[in-house]
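Okay, so here's the structure we're looking at.
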Amino acid sequence: MPKGEKTARSDFATVRQWLEAREFDLLAPQAQKSVNTRGRVRPDDPECPLRTAYQRDRDRIVHSKAFRRLKHKTQVFLSPTGDHYRTRLTHTLEVSQIARTIGRALALNEDLIEAVALGHDLGHTPFGHGGERVLNQLHPQGFRHHEQSLRVVDCLEKGGRGLNLTFEVRDGILKHSKGKTHPILTEPAKRPVTLEGQVVRVADIVAYLNHDLDDAIRARVLSPQDLPEPIRFRLGDTHAQRIHTLVEDVITASAAEGLKEICMSEPVLHLVERLRAFLFERVYELETIRQEFQRVQKILEDLYAVLLRDKDLFRREVGQRDPRVSRAQQVCDHIAGMTDRYALDLYKKIFLPRPWMRL
């Protein structure tokens, strides 16, 4: 029978069944197929006749409150006045686009890739990684944004019911973080179990290194000529050239390894690590940025303390205390979910004097 006849729409009772069958024809053998999911945290509603499991996960994430709040959360520069600086939302969209390009070239499951990419930063704090460091210091259990992202989709969205996502999407969200050293190479236990999750992990690096550099140049913190010459020569002189070089290398290197894992070639990986070190030295740890984050630290420390101490404020802001969850955890969840501007407005409301008005 000709290959196309296997997936003729008329052969299947639902669109979903047709899409699931097409995956076996169109995707690489190593790709994760929707029907082979390890399932959800709890039994779900009846299967959708139109969408695969991973398409449903993607849609649940896009329609979540946490996803919408990303538009007002810092990427690198706090409260930028220009319209073209990245936010956590635009970062997420760039990760998704880059990851899907890689996934399509390698014949992987784009729906799974998109779901992981759109959900990977849902747990990020206001004020970027500076806010994450503050909560990690304040909260007794510590704080890591990738773990909080999983907590958001498992426990916090939809009034505490969570989004009930598939195992593969949850695994990709939890294991997307890289740490400060060896951004690609890590032991197998810390990698996502699917190639699609690994694609998002690499795409996250490609996206943030390039758009943080682009924003730093826009802010005149750097000039294009400041980039080390080997990076400019090998990766490219422009934002688009650098992304193309990295994406092409990931595709070529991963295919050359028989699609056993998502990787980069050694020469390009060395340049990625060098670019990352350059950005830490010249942008992320820049004194002016560090000073801004010191102000942020004061804001979050005060909000955390007053929400723990003031029962009335806790009820107004967080709601009735859930006896199953510690108060400290609920305060941490609430602050992590804030946008930059909400945190600033709440701080002003609580701690700054209000002007008297003449009646």
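Just one of the listed residues (Glu317, Glu281, Glu261, Glu292) is without any contact (Cβ under 8 Å) to a residue 40 or more places away in the chain and more than 27 Å from Val152 (Cα to Cα), and it is Glu281.
So, His84, is that one over 17 Å from the mean Cα position of the chain (by Cα) and in contact (Cβ under 8 Å) with a residue 12 or more places away in the chain or not? Judged against the criteria, His84 is a match.
Condition (residue is under 25 Å from the mean Cα position of the chain (by Cα), modelled with pLDDT of 90 or more and on the phi < 0 side of the Ramachandran plot) applied to the range 310-319: is it met by at least one residue? Step through it out loud before you land on a result.
Step one: of the range 310-319, the residues under 25 Å from the mean Cα position of the chain (by Cα) are 318.
Add one more test, that the residue is modelled with pLDDT of 90 or more, and what stays is 318.
Those still in the list that are on the phi < 0 side of the Ramachandran plot too: 318.
Yes: the range 310-319 contains one or more residues that are under 25 Å from the mean Cα position of the chain (by Cα), modelled with pLDDT of 90 or more and on the phi < 0 side of the Ramachandran plot.
Take the residues in the range 320-345 that are open to solvent by 80 Å² or more (accessible area, probe 1.4 Å) and in contact with a helix residue (DSSP H, G or I) (Cβ under 8 Å, 6 or more places away or on another chain), then tell me which one is modelled with the highest pLDDT. That would be Tyr342. Where helices (runs of 4 or more DSSP H) fall entirely within the range 33-114, those with at least 3 residues that are among the β-branched types (Val, Ile, Thr) and within 27 Å of Asp215 (Cβ to Cβ) are at 88-105.
Taking the residues in the range 115-144 that are touching a His at 6+ places or on another chain (Cβ under 6 Å) and open to solvent by less than 10 Å² (accessible area, probe 1.4 Å) as candidates, determine which candidate is farthest from His91 (Cα to Cα). So the residue we want is Gly123. Considering every residue within the range 74-85, establish whether at least one is at pLDDT 90 or above and at negative phi. Within the range 74-85, not a single residue is at pLDDT 90 or above and at negative phi.
The combined condition, being in a loop (DSSP other than H, G, I, E, B) and surrounded by fewer than 20 Cβ atoms within 10 Å (Cβ to Cβ), is not fulfilled by Ala21.
Out of the residues in the range 165-193 that are part of a loop (DSSP other than H, G, I, E, B) and open to solvent by less than 10 Å² (accessible area, probe 1.4 Å), which is modelled with the highest pLDDT? My answer is Leu165.
The values are calculated or read from the model by the stated rules, or taken from the named source; none is laboratory data. Computed from a predicted model, the values in this text were never measured in an experiment. Note that each Cβ is placed from the backbone with ideal geometry, even for glycine, and that neighbours are counted across all protein chains shown. Quick note on the areas: whole protein, heavy atoms, side chains included, nothing else; ligands and nucleic acids left out. Shrake-Rupley method; radii C 1.70, N 1.55, O 1.52, S 1.80 Å.
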